[in-house]
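Each remark here refers to the structure printed beneath this line.
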Amino acid sequence: MVPVTISYDDFKNLIASRTERYFRALSYLSARNAEGALTRPLLGELLSQATQIEELLDSYGARNNCRWARFRSLTAAIKLFSNVSYELLHIQHSIPAYRLLPVKQDFARMTEQTLLFSQQILLEGAKRLLEEADKLGLTLPCNSVEAAFICEKLPAGRLPHDLAMRKIETVSKTVSLLATAFLNLAAESRQALPRERTEPKAFLCELTGPISEEKLRSLELRFHNLQSLYDTYVSTTETEVFDRDLPVLRGHISVVLHLLRTARDFAHYYERHAGPSAQQVSKGRKRLVEPERLLETLINYSINFVSQFLTCAELLCQNMLKRYTEVGQVEVPVPQYRGFHVRPSTLISKLVLHYGSDVKMKLGEEVYDASSPLELFRANEKINAHKRRSLAQDIIYLDLVRNDLNAQDLRSTIRDIIISLAEQKKIIIYEQPLKIEEKPYQPESKTLELVTDEIAKLMVTGKIDTATEIRAVFIGDKRVLDDIKLLADNGYGEDNFGNNIPLPERLVYLRQ
């Protein structure tokens, strides 16, 4: 079926019939260049009207039409920066209520500067769009009427907090769930955000990688869900009144959510309208936004303060978890591959530090600090001693050592014993082919001691290892213990040969 083409006159008349309120708001904005020109009613009107006009333009294919593409592009910019400015005004008005913890820069001042940046884009965009409308023959308002609904005069103060309080039956469980969810989400966020502040020029090619619009939108949704979790289970409860840290946490969840929305929109505009690919389409036109200035704002304001407020609130959550800790214990097998060597010890330490809880590991009568990899390394002395004893018992039980052993037979005997033990699944051979050095025969030594000492040296050098059933007991916060058990159930992130294996989604924060 051949698509029907609408005439330019008919389309112009359609748009003209729908843009009166849109043009009035734009005219009001373009006539004002002073600070504080933006109000939430004005931005709400611009956002609503621009959204409707953009949808109408798109339904007729305006983005792919030479005559109307510019009008549509400017409308998209008005819509986006109206939304950004609305978010920034919300942050600006909400800062006192958020109870934000101190950060390095002056957040209020930088919010004001970012709002001015967005306002200048809106002012310029409004002027250009009205000029484009005039070129298209659309009717513009004769003058800018200062409509009352566009102004915003806000008296100081807040309403009294006098709603009846709800009771939570399981306070500890609820608060712990919320704090744990925040810690896990904060850890995941670091995978989508730069670890350090980055110069815009170094960041130009990275938006499709570390902080693309897609990733920011996903994070925004996760923080929105976390805020909903708080409002459903904690807001207007007695616990929220008595635990002063809870409203502080709520403020940090909210400010991160709104900052992510500004970051998402900045990233969207760069990728769609200001990046290298978009610049090729708009050659010859004066840019509405300088790409480097946009990236600088995205990185130094939105991303920078998201990272800082996440870090502040992580410590807050860790302290809250300590107050609501339920202590328990869990018994798990020690890592099969070379005990608590670098990888499993580091993962356990990361896990414990992630929650900020005190967790101990007990092996026999020895107790170790599970937050310290070096402490866990120390446990290998006990593990290796146990392995050597088990090895000697297995050799005796299987009757693998001949009594008439001599110097010539020592190396071949060790090899034969290793093969026999491997067939019995008592040891794992990592080096193929296994090289065994020649050693001088010591007649005064017992045969079993000679054999076990040589095999122990092969274990120390990582050429072989002994399967073991040693189990360790971890004592501390039950939430941490649940993750330690999950880690152990998944081989501490490695197989029996020390190769990395994927961790379950719940432990993804350990792969940072």
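All of the numbers you see were taken from the coordinates with simple rules; none came from a lab. These numbers were taken from a predicted model, which means no experiment stands behind them. We place every Cβ from the backbone using ideal geometry, glycine too, and count neighbours over all the protein chains shown.
Computed values, structure above
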read-out	value
DSSP bridge pairs, the chain: antiparallel proportion in percent, nearest 5	95 percent
Neighbour-count ranking [beta-carbon atoms within 10 angstrom, fewest first] of VAL508, VAL359	VAL508, VAL359
Low-density loop positions, chymotrypsin sites (Phe, Trp or Tyr not before Pro), segment 1-85 - DSSP coil, at most 16 other Cβ in 10 Å	TYR60
Likely footprinting exposure, LEU122, LEU100, fewest C-beta neighbours within 10 Å first	LEU100, LEU122
Shape of segment 328-511, Cα gyration tensor, a/c cut at 1.5	prolate
Note, ³J(HN,Hα) from phi for segment 313-327, Karplus 6.51, -1.76, 1.60, rounded to Hz, x at Gly and Pro	6, 4, 4, 4, 5, 4, 5, 5, 4, 5, 6, 9, 5, 10, 7
Total lysine pairs whose alpha carbons fall under 28 Å of each other in segment 289-433 (8 or more apart, or interchain)	17
Packing-based exposure ordering (other Cβ within 10 Å, fewest first) of GLU292, GLU220	GLU292, GLU220
Semi-axis lengths (Å, descending) of the ellipsoid that matches the C-alpha gyration tensor of the chain	66, 29, 17
R0 of 51 Å, Cβ-Cβ distance LYS167-GLN113: FRET efficiency to nearest 0.05	0.70
Cα-projected label distance for LYS135 with GLN92, points at 7 Å along beta-carbon direction, nm	3.1 nm
Overall form of segment 61-109 per C-alpha gyration tensor (a/c, 1.5; a/b vs b/c)	prolate
Using distinct alpha-carbon pairs, which all enter the 1/r mean, Kirkwood radius of segment 1-151 in Å	16.7 Å
Förster radius 30 Å - calculated FRET efficiency between GLU469 and ILE429, Cβ distance, rounded to 0.05	0.95
Nearest-0.05 FRET efficiency for SER390 and SER412, computed from C-beta distance (R0 25 Å)	0.60
Projected label distance in nm at VAL241 and ALA16, using a 7 Å step from Cα toward the beta-carbon	6.2 nm
Between segment 462-512 and segment 295-333, the Cα center-to-center distance that results, in Å	23 Å
